[in-house]
1. Considering only residues that are touching a residue at least 12 places away in the same chain (Cβ under 8 Å) and of a type in the set (Val, Ile, Thr), which ones fall in the range B:267-314?
2. Please list, ordered by first then second residue, the pairs with beta carbon atoms under 8 Å, 6 or more apart or interchain, first in the range A:48-77 and under 15 Å from A:TRP193 (Cβ atoms) and in contact (Cβ under 8 Å) with a residue 60 or more places away in the chain, second surrounded by fewer than 16 Cβ atoms within 10 Å (Cβ to Cβ) and of a type in the set (Val, Ile, Thr).
3. Could you grab me the full set of residues in the range B:273-295 that are of a type in the set (Asp, Glu) and surrounded by 16 or more Cβ atoms within 10 Å (Cβ to Cβ)?
4. If you take the residues of the range B:260-288 that are in a loop (DSSP other than H, G, I, E, B), more than 8 Å from chain A (Cβ to nearest Cβ) and of a type in the set (S, T, N, Q), which of them is nearest to B:ARG197 (Cα to Cα)?
5. I'm trying to understand the selection: among the residues of the range A:22-56, which are crowded, with 18+ Cβ neighbours inside 10 Å, more than 10 Å from chain B (Cβ to nearest Cβ) and farther than 19 Å from A:VAL98 by Cβ?
6. Conditions first: (1) crowded, with 17+ Cβ neighbours inside 10 Å; (2) more than 14 Å from chain B (Cβ to nearest Cβ); (3) among the hydrophobic types (A, V, I, L, M, F, W, C). A:LEU6 passes all but one, so which condition is the exception?
7. Scan the range A:72-90 residue by residue and report those that are aromatic (Phe, Trp, Tyr) and modelled with pLDDT of 95 or more.
8. Out of B:GLU172, B:GLU113, I need the residue that is acidic (Asp, Glu) and within 15 Å of the chain's Cα centre (by Cα). Which one?
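The values are calculated or read from the model by the stated rules, or taken from the named source; none is laboratory data. Note that the structure is predicted; figures quoted are calculated from it, not measured. Cβ coordinates were reconstructed from backbone atoms using ideal geometry, including for glycine residues, and neighbour counts include every protein chain displayed.
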Amino acid sequence: MIGMALPLSWLLYNWALAVDEGFNLGYLTSLGFHQLTANPIEYTNRFLGDWALRFLLASLAVTPLARIFKFNQLVAYRRMIGLWAFAYVSIHLSSYIVLDQFFDWGEIWGDILKRNFITLGMISFTLLIPMAFTSTKGWIKRLGAKVWKRIHKAIYVVAPLASAHYFMMAKGNQLDPKIYIGIVAVLLGIRVWFYYQDKTKAANRKAAA
Amino acid sequence: MLIKTKKPWDLSENEVTPEALYLNRRKIIQGFGVAAAAAVISPFLGWQKAIAAPDFTVIKKTNYAGDEELNSYKDITTYNNYYEFGTSKSDPARNAHTLITEPWSVKVSGEAEKTGSIALEDLIDFNALEERIYRHRCVETWSMVMPWVGVPLAAVLKKFNPTSNAKFVRFETIADPKQMPGLRSRVLDWPYTEGLRIDEAMHPLSFMVVGLYGKPIPNQNGAPIRLVVPWKYGFKSIKSIVSIRFQETQPVGSWEENNSREYGFYSNVNPDVDHPRWSQKRERRIGEFFKRKTLMFNGYGEEVASLYTGMDLQKNF
């Protein structure tokens, strides 16, 4: 689980190098050059977006993997993976607001309305908030399993929206975003398949009884 | 603020590009010098050629970017869009060393009296090289200031005596999968193609570039010969040119073909016409934190606006 902090740690380490280089402080020169390219702000946005999407898909993969490999302990990690994904999404959004636009709310609002990929990104983030907020055991009790589950089904909407957000951001006919869309399709498709499998099993049991 | 009594390039020669600009302009390379910094990393980045090559002799130096700071050699040569070598900004610097730039020839065809294949040495008059400092504005809303070495595009094109049917010029980039790993992925319909109206191509600011920072241009920046049209978005400035065709019909560039709603034929830098993905009002100059306002025609309106008199630039974006 702590491994999910690695990309963020790497990013912060490189920002320390970049600041040291940029302001010519010389404290970290011996550690080498930063890897954030000549445009660290753009690099940071994309890096955080990539990892946010990867962890979102990882959280979506837990249930099918646990079922296919009959490895139920895996489900115990689902909440932490989801929360890490939310953390990366939040930092991704903050980096856009603070580093890229520097609180220019007019521009940000314009982007949300006019740039379709940013519209989708914001919808995805909004849908994730109630999920992250109600992630504790206390909230499951308070809401009841049925309502709680319904809130958390938003991931089935967020995952396609988030990968579409990436697809629409990428210029030209690039392969990477299509791979993410393919993974989402498989992870959602497999659930549909499970659903019908369960239904037939239940029907068979009824018929046998 | 834009009213000028004296054009920036009316500065006397010695005022332009002081040596300090080359060696010490950016803090990042302070105390190093470009060559020394590059020498350390060059095995990884394919800069050997640029380092080993002799300096070009230029007949004049002109600054077309006012008092704006030059971007460092490192910034210019490690942050590139050159999808034939990969789609991330750092891919070209890593991968472009496989491009073979010697010998190089360009196929000239179409509506001109003289056509055929011409060697680079015959295409470019290496005794007439100039240095020009231009702003470079990418459609992705970042920008740099770069010292290019080259000759006016008009001087190159006039060699072929284009006929009165030559209304447009179409350029093509080399597309050899053996030399360019990015071609395996059909991000665009290769070869990369771009075009200009003949009067745009003949405009004195259109520049055919063979060098950067006084040296032969690195592969990732479009070696051995590329276009630089400073009032248009960067993707119009096609790299590693192998074909020049004079034609009567308006050519369709690779990006326009990929998505004509987003990329128009003209693609003049214009803060009032948004790209569907990016507001073009402002830009981030590489090396700066706060965005700066994007200038109409990238600040070259005084020189080029007359090319578009009477045209609706919202429609002809």
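1. B:VAL269, B:VAL273, B:ILE286, B:THR294, B:VAL304
2. A:THR63/A:VAL75
3. Passing the criteria: only B:GLU283.
4. B:SER267
5. A:LEU53, A:PHE55, A:LEU56
6. A:LEU6 satisfies all of (1) crowded, with 17+ Cβ neighbours inside 10 Å; (2) more than 14 Å from chain B (Cβ to nearest Cβ); (3) among the hydrophobic types (A, V, I, L, M, F, W, C) except (1).
7. A:TRP84, A:PHE86, A:TYR88
8. Answer to the check: B:GLU172.
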